[in-house]
Amino acid sequence: MCVNSYVWAQSRTITGKVTDAGGTGLPGVSVTVKGSTQGAVSDGNGGYSLSVPPNKNTLVFSYIGFVGQEIEIGSQSVINVALEEDATNLSEVVVVGYGTQKKSQMTGAISQVTSKQITEMPLTSLGQALQGRAAGVDVSQSGSKPGSAPKILIRGRRSFNAGNDPLYVVDGIPLSAGYEDINPNDIQSMEVLKDATATAIYGARGANGVILVTTKRGANKGKTTVTLDTYAGASNAYSQLELFSGAEFAEYVREAYRATGLYKDASGNPVPTGVADAAADAKVAVLGGDPNVAAGIAAGRNTQYQDLILRTGMIQNHTIGIQGGNERTSFYISGGFFQDQGVTKLLDYTRNSLRANIDHQVNKRLKVGISSYMMYSIRNGENLNPYGATLQANPLGAAFNADGSLIFEPTNDALLSNPLSEVVDGVNIDNTKKYRIFNSIYAEVKIIDGLTYRLNVGPDFTQSRWGRFIGSETNARRRGDAQAFNENRFGFNITMENILNYSKTFGKHSLNLTGVQSIQKDNFESYGSSVQGVPAQSQAFYSFNSASSVLGVSSNLIQ
């Protein structure tokens, strides 16, 4: 006789109450079983109840503003916990609009990202620094081209037709252009205002939320420190689209002729599906008028243009910073170099930056400072997509001659040329050069004890030049006259703010009053021209006077 014995392990139910140090129940405390997905949240009186798996023996209690605890269960069925306030966390200072505030005094929905979090990852822009680190902030990559900045939405879209971008404020000055010009390694912290706090401070401009960026400042400890942040890596296309191979496309061509009753053998009999016949293949050249396709079928050719146009990309970022000062003057100076060479030929982005932040205490009452940021970038291929042409190319055509030279028309398709002709040096150019100088200048006067006046001035200069050249041997021109385009853009934005602040502490109470008068003016102008019939490829978009005809001239002024 055989007797089977089974022992079933049962889950345990643990109950209890979570309070603060004074015994008051804490609602909304997260209680989880360590090493599992089991969890519960305390009720309005701090009570909780949850089921614990038999192989787990630790509960984790966590609550914002309090120090978390881990409790061993052992044989207990009731576990009461008193959480201690995290004084360090609550005393941290957060930038809020035109001033700062302790976390313990905050009432609005504000998320913060620190420089430590930023340096933990190899980032290319401040948008990536926010990704996954701020609740209610949706960061999505707008494209895979080098130099494209992520799209940032705070608590979703607010408008169908108007813009949904948040307002970016760097060192107290609103940005008039994109944030992608900023070197993320220079950032000390970022605060995201997500609710009415944003509109209360910045008005209609803050309707989509506000991202406050504070850059690194110097130290007054009399010691100079040098930091180096650097990384480099390679990138490859994650995957490729599955297209017809040469053999599969050949069968596709045969099936097209079978459907019309023209794919026949030497005796004139129809060749069934799945069977290749040399005599029937030869007729493809005569009937279709494309001997290149017939030659490709006969040779078993399989030209995969995706492999030929893709490459191993390279990304690198190097920033060196010098930080120091004494009791009266502090400084932070940095230089940065960033380069992203895309996985598709012709696409790359390079950014050079220089930052100088200086603060000086003139006397007991007057303090002045400047934050100056200079940037120069080069972007190639913003409006190009050479990879797209590879998805339509016939794999039966030959990309190169026997001597290695490029074949412009691998097949007789009147609409498609060789995709590789798009990436020949000098034939297809899309180049943008951008210069930017962004400044934040301030003077702060201590009028009386607790009363200060601050003047902020923020001039922002932006100049860029976009050039486009489409050579004769491209799919767009099909050996016609070359075209060239050129556009120059200039922007100047200036912000001036007068801020009066009064702060006073009365025992356990504190009073803070802030009055602000702000004015901002934008000036933007652009002019461009386009021509056709550029006589020499080497002239690109630099010599319009030698072109045979003018296609158009445009200008724009906003102020």
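The values are calculated or read from the model by the stated rules, or taken from the named source; none is laboratory data. No experiment lies behind these values; they were computed from the predicted model shown. Reconstructed Cβ throughout: ideal geometry from the backbone, glycine too, with neighbour counts over all protein chains shown.
Quick look at the numbers
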| read-out | value |
| --- | --- |
| Tally of residues being closer than 14 Å to THR24 by Cβ and at pLDDT 85 or above across the range 46-92 | 6 |
| Enumeration of residues in the range 280-291 that are surrounded by fewer than 19 Cβ atoms within 10 Å (Cβ to Cβ) and either at pLDDT 85 or above or not small (Gly, Ala, Ser) (or both) | LYS283, VAL286, LEU287, PRO291 |
| Residue match in the range 515-522 (condition: under 20 Å from ARG477 (Cβ atoms), touching a Ser or Thr at 6+ places or on another chain (Cβ under 8 Å) and in contact (Cβ under 8 Å) with a residue 40 or more places away in the chain) | no |
| Out of THR411, THR390, THR452, sole residue that is under 21 Å from MET496 (Cβ atoms) and either at pLDDT below 95 or charged (D, E, K, R) (or both) | THR452 |
| Some residue of the range 402-418 being surrounded by fewer than 21 Cβ atoms within 10 Å (Cβ to Cβ), within 16 Å of GLY342 (Cβ to Cβ), in contact with a strand residue (DSSP E or B) (Cβ under 7 Å, 6 or more places away or on another chain) and of a type outside the set (Ser, Thr, Tyr) | no |
| Unmet requirement for LEU212, which otherwise passes all of (1) among the hydrophobic types (A, V, I, L, M, F, W, C); (2) out of contact with any Gly (no Cβ under 9 Å at 6 or more places or on another chain); (3) assigned to a strand (DSSP E or B) | (2) |
| Residue ID - surrounded by the most Cβ atoms within 10 Å (Cβ to Cβ), chosen from residues in the range 335-367 that are touching a residue at least 40 places away in the same chain (Cβ under 8 Å) and in a loop (DSSP other than H, G, I, E, B) | LEU347 |
| Residue in the range 182-198 that is in the same structural domain as THR114 (by TED's automatic domain parsing), assigned to a helix (DSSP H, G or I), surrounded by 19 or more Cβ atoms within 10 Å (Cβ to Cβ) and more than 19 Å from the chain's Cα centre (by Cα) present | yes |
| Test set (1) closer than 26 Å to GLU382 by Cβ; (2) out of contact with any Leu (no Cβ under 6 Å at 6 or more places or on another chain); (3) at pLDDT 90 or above - LEU557 fails condition number | (3) |
| Exclusive hit being assigned to a loop (DSSP other than H, G, I, E, B), aliphatic (A, V, I, L, M) and out of contact with any Pro (no Cβ under 9 Å at 6 or more places or on another chain), set LEU396, LEU415 | LEU415 |
| Qualifying residue in the range 542-554 (condition: in contact with a strand residue (DSSP E or B) (Cβ under 9 Å, 6 or more places away or on another chain), part of a strand (DSSP E or B) and within 30 Å of ASN439 (Cα to Cα)) | no |
| Verdict on SER554 being small (Gly, Ala, Ser), touching a Gly at 6+ places or on another chain (Cβ under 8 Å) and over 30 Å from GLY172 (Cβ atoms) | yes |
| Where a residue in the range 383-410 is closer than 16 Å to ALA247 by Cα and its partner, wherever it lies, is of a type in the set (Lys, Arg) and in a loop (DSSP other than H, G, I, E, B), with Cβ under 9 Å and at least six apart | PRO395/ARG301; LEU396/ARG301; GLY397/ARG301; ALA398/ARG301 |
| Of all residues in the range 148-167 being basic (Lys, Arg) and farther than 20 Å from ARG133 by Cβ, the one that is farthest from the chain's Cα centre (by Cα) | ARG158 |
| Residues being assigned to a strand (DSSP E or B) and crowded, with 19+ Cβ neighbours inside 10 Å - total across the range 368-385 | 7 |
| Hits in the range 175-199 (condition: of a type in the set (Ser, Thr, Tyr) and closer than 25 Å to ILE519 by Cβ) | SER176, TYR179, THR197, THR199 |
| Subset of the range 421-456 (residues that are in contact with a helix residue (DSSP H, G or I) (Cβ under 6 Å, 6 or more places away or on another chain) and not β-branched (Val, Ile, Thr)) | GLU422, GLY426, ASN428, ARG436 |
